[in-house]
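The values are calculated or read from the model by the stated rules, or taken from the named source; none is laboratory data. Values in this document were obtained by computation on a predicted structure and should not be read as measured data. Note: ideal-geometry Cβ built from the backbone for every residue, glycine included; neighbour counts use all protein chains shown. Note: areas computed on protein heavy atoms with side chains; ligands, DNA, RNA excluded. Shrake-Rupley method; radii C 1.70, N 1.55, O 1.52, S 1.80 Å.
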Protein chains: 4
Amino acid sequence: MSQDYRYFASARRRCYALLFEHRTRSGRRMETFWIVISLLSVLFLFIESSATDLFPNIPDILYRFGTIEVAFTVLFTVEYVLRVVASPRKIHYPLSFFGFIDLCTILPMYILWLIPSLSVSPDLVVLVRLLRVLRVLRVLKLLRYMSDAGILWRSLMRARRKLGIFFGFVAIILCLFGGLMFAVEGGKDGFTSLGASVYWAVVTLTTVGYGDITPHTALGRMLASVLILLGYSIIAVPTGILTAYMSQELEKGRAARSCLNCLHSGHEIDAKFCAHCGAVLEAGTAQLVEK
Amino acid sequence: MSQDYRYFASARRRCYALLFEHRTRSGRRMETFWIVISLLSVLFLFIESSATDLFPNIPDILYRFGTIEVAFTVLFTVEYVLRVVASPRKIHYPLSFFGFIDLCTILPMYILWLIPSLSVSPDLVVLVRLLRVLRVLRVLKLLRYMSDAGILWRSLMRARRKLGIFFGFVAIILCLFGGLMFAVEGGKDGFTSLGASVYWAVVTLTTVGYGDITPHTALGRMLASVLILLGYSIIAVPTGILTAYMSQELEKGRAARSCLNCLHSGHEIDAKFCAHCGAVLEAGTAQLVEK
Amino acid sequence: MSQDYRYFASARRRCYALLFEHRTRSGRRMETFWIVISLLSVLFLFIESSATDLFPNIPDILYRFGTIEVAFTVLFTVEYVLRVVASPRKIHYPLSFFGFIDLCTILPMYILWLIPSLSVSPDLVVLVRLLRVLRVLRVLKLLRYMSDAGILWRSLMRARRKLGIFFGFVAIILCLFGGLMFAVEGGKDGFTSLGASVYWAVVTLTTVGYGDITPHTALGRMLASVLILLGYSIIAVPTGILTAYMSQELEKGRAARSCLNCLHSGHEIDAKFCAHCGAVLEAGTAQLVEK
Amino acid sequence: MSQDYRYFASARRRCYALLFEHRTRSGRRMETFWIVISLLSVLFLFIESSATDLFPNIPDILYRFGTIEVAFTVLFTVEYVLRVVASPRKIHYPLSFFGFIDLCTILPMYILWLIPSLSVSPDLVVLVRLLRVLRVLRVLKLLRYMSDAGILWRSLMRARRKLGIFFGFVAIILCLFGGLMFAVEGGKDGFTSLGASVYWAVVTLTTVGYGDITPHTALGRMLASVLILLGYSIIAVPTGILTAYMSQELEKGRAARSCLNCLHSGHEIDAKFCAHCGAVLEAGTAQLVEK
């Protein structure tokens, strides 16, 4: 093994520690740095999209924002390259969820810069806007630093089968009422197609109720009332499922906390001392459960 | 018993096994086939209803869709006939819920084909549309393959008495506030009849809030606020009822899981080994509970 | 005691049993009769309010409906008189909640009949409509026959202190955001007074969202988003309170069921046999708990 | 220590007892007095804001209301001064949350009175309105007397970490869907900026659904349906979290109640007698738990 390669390997290892591990002090600082950058870049997108309204007096405002955008893109490109290089198994990171997201947030700008004819072509205006909006995926970078969602995620995963069956039922109800409403209201007042009727049913059953499509016949209103009251009853079902699982997870957490001194378990989640022998309960375990 | 009849009886038995039993391999394949066909036929209805918008360049698009419709109707007719023939007690299937649904989804097309004058009569346009929309009931065919909704259904069934009383209360509140609002707003701004006022009360109490009918007087707005805050309080009641029953069902499931080796029970629902003797817990039981 | 008086007293007792007791067979029949009459009279009000739309071809439809109304009023007057007479303590029933409701549903018609000048006076049109709409209180008569709402009512009563504090908080939040929004949006787009702003806050916090009053400035929309997300968090609080109490009530019910043979308790609510000795569990107790 | 100072010190102590302690009889009377005054002052603000509508016949109505406003301001100024004087550590009260609120509700009027040019300047109309609306913060004075929100607050505090993570997730979803919708609907129908799109996403995900901004393209409606159904699933999460913690708090309360006679614990929260020895349970403890 040559001196150079060894140096490179050790640099890569340190780089990996900086980017992927959050237990070391420098790793945590790096994490904070990337969180702040990601938040700033998303905030920047919001300001950019209303730029002409917010700063009506600065004529070259969009050009100036373009410069800031270049800075963000370069920064995220550096992050991407470092992560690819630092990853021990080269192919692993670019193919992962976060690798894909990271790529999506830098690629659009390179495409727009490399093919300048795109921006001026009137036919591709939707494509260009979509490419620019893809940058909003930067917000997903933050998910990387929220890995301790533990109990929420576990409850959702364990409830996924039941939630799946529930949403199957909901889909059937939506198709049924959408279809009936399409027949009853008859193509008027927004019920122009089966798709629009099902969209109305979604908006109604979930109690969103935009009011852009509403029934105007007496029969249609009765049908809508039935659908609404049905929604009112079944809105409770996912709540019930998730609550039941979450209670179990919490109880499990309680049982998991045991005193290291007398092995007594079943302590309150926020207890600081063993209720049996008075020994200090390990905060670490408690945190593990709290998360 | 003649040879012919015996051959027929055995064919019927195999046919029954294919259509009504899902435990054999061929039965499961048949099930998948009918699920796919049902989903396709519903998807087809959606595309058909927006056909002229989606394919504006194809002039005879509705005619082409008519051809596909014939294929689906024939397929479902074959299914219906097979199910009637295969059913051991002839009258049982046609009189069942699914028999009724299956008939409803094929009958309308035969009526429209047998009485072509229906489609051209301007007076019966609503009836024709209703007949055509009845095909959307095909989505209910999928319910047949979702029989394992277990815990949801049991909780709903056990809670039905309490939910009934609750909806009785809700109905009384709706009539009361609908009536008061009708008097206060006085026939203006959509409150044109007691029925319309109660429709407004349904839309409001359940927090759907279309906004097609809204109070415009100060007194009306006060009354609406009271109704809304009332709705806010009682929206919790069905959730509470269902959650309480679901927790019980889940606990029951937990108690039901017992180790076949040492008969220890009370295992976690996702446990794979007995916590007492380490023996493998039967997955079958776990699944039975999970469903 | 004279013969006449004794006859009268016994008639009164039988009358009382008929009207106020639901345990005898004739009492239950009487109850069913009054439920049906009450439901019919409410249904009649709905049809009456849309009479000219439903039956455009019958010119004297309102007059005909007036005749039916007389019948209902007479029937309810007879009920009221019987209940007053049958009540052992004369003053008790007329001063009770149901006595007040019963009076409210018959009095308006007598006022309108005795002072016919009311109906023609253009100044009193609101008063007349209010008097007529008071008849909708007939729906409250049905509450009399829903006395077994047990668990719901008990949970609500026990939670009333916490719900009170919660709604105090909500009122403070509503005033605060209503006031801020009034200042920010400044009298435009429906935010015309503090009252209207608070009405908007009620409609928004509870996720009803009519859309008749909506923020149009960027600052107003930010404020609205904060209020909405606040509502999203605290919508859970009454649910949580009620669910916790309801679970307790259900558990209490479970403990209350004990086998009459071996005194073993803690049975499942839908258990039919004692899990300990196999004796039949009393259905009566179970029903008492189920209610 | 001079006689004067001692007299002053004792007056201050009595003043402190009156204003900050609610256990003495005079303290409770003082509390009731300030609650009534605060409620009246808030009610006054509502009436004032609709004054010209409510009393169209009184020309100098706004002037008259101004006189009442002076009275309230003077009263609250006296309260503020007394509290500052009575506070043992001078700086403690003015820097506290309630000190800040109390100041905010009296300062604006003094600013408006001292700088009369403010009210007539057309440029500062927004500032003046904001200053006047600040008085609505008086409603927050009531929070002082709602300190026993115990269980609600404790559950919220213990759940704040999980609720924080949850709202982080929600924020990411909102940005994502807001951005996608901005690209799909393309600046039309209210989706004019990323900010407006995220506002739409907030209104939609939380099922408020004003309907002031709604999707009009088929793709936009599909995206909206996905966001709505997502909201429908995750609306349960904060409910689940809070309910689980509240159940624990209630159970804790139950365990905390123990009979002073036989030390038996685990009584029902509304029990009045010990289930074990029949001794009267202390109401104080029960209340402590109930709160």
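Some points to look at:
- Element breakdown for the range C:7-84 at a 1.4 angstrom probe: carbon and sulfur atoms account for 67% of the accessible area.
- If R0 equals 22 Å, the separation of the Cβ atoms of residue D:24 and residue D:96 corresponds to a calculated FRET efficiency of about 0.50.
- Rg to Rh quotient for the range A:170-255, alpha carbon positions, Kirkwood Rh: 1.20
- Distances in nm from residue D:119 to the matching label points in the other copies, shortest first (labels 7 Å along Cα to Cβ): 5.5, 5.5, 7.8
- Prolate is the label for the range A:190-240. Its Cα gyration tensor axes, ordered a ≥ b ≥ c, give a/c of at least 1.5 and a/b above b/c.
- Accessible area of the range C:128-211 belonging to carbon and sulfur atoms, whole % at 1.4 Å probe: 69 percent
- Other copies of residue C:15: label-to-label distances in nm, shortest first, labels 7 Å along the beta-carbon direction: 7.0, 7.0, 9.9
- Cβ-based charge dipole, the range B:5-146, positive-most Cα from B:111, B:82, B:59: B:82
- Of the Cα atoms belonging to the range A:1-148, the radius of gyration and Dmax stand at 18.0, 62 Å.
- Normalising by residue count, the range B:74-170 has a Cα convex hull of 162 Å³ per residue.
- Estimated at 0.36 nm per residue, the fully extended path between residue D:167 and residue D:192 surpasses their Cα-Cα distance by 6.5 nm.
- Pairs from D:162/D:188; B:162/B:188; C:141/C:162; A:141/C:162 whose Cα-Cα separation, in the structure shown, is over 32 Å: D:162/D:188; B:162/B:188; A:141/C:162
- With respect to the axis relating copies B and A by rotation, the chain B residue whose beta carbon is closest, plus that distance in Å, is B:211, 3.
- Estimated vicinal HN-Hα couplings, Hz - the range A:45-55 in sequence order (Karplus 6.51, -1.76, 1.60; Gly, Pro = x): 4, 4, 5, 4, 5, 10, 4, 5, 7, 6, 10
- Interface area, chains A and B: about 4400 Å² of buried accessible surface, summed, with a 1.4 Å probe and ligands, DNA and RNA left out.
- Ellipsoid semi-axes in whole angstrom, largest first, where each is sqrt(5λ) of the Cα gyration tensor of the range B:33-117: 29, 14, 10
- Each copy carries residue C:219; placing its label point 7 Å along the C-beta direction from Cα gives inter-copy distances of 3.7, 3.7, 5.2 nm, listed from smallest up.
- Across the range C:80-85, rounded Karplus estimates of 3J(HN,Hα) from the backbone phi angles (6.51 cos²θ - 1.76 cosθ + 1.60, θ = phi - 60°) give 4, 4, 4, 5, 4, 5 Hz, Gly and Pro being marked x.
- Globularity index of the range A:117-227 is 1.55 (Cα radius of gyration / 2.2 N^0.38 Å, N = number of residues).
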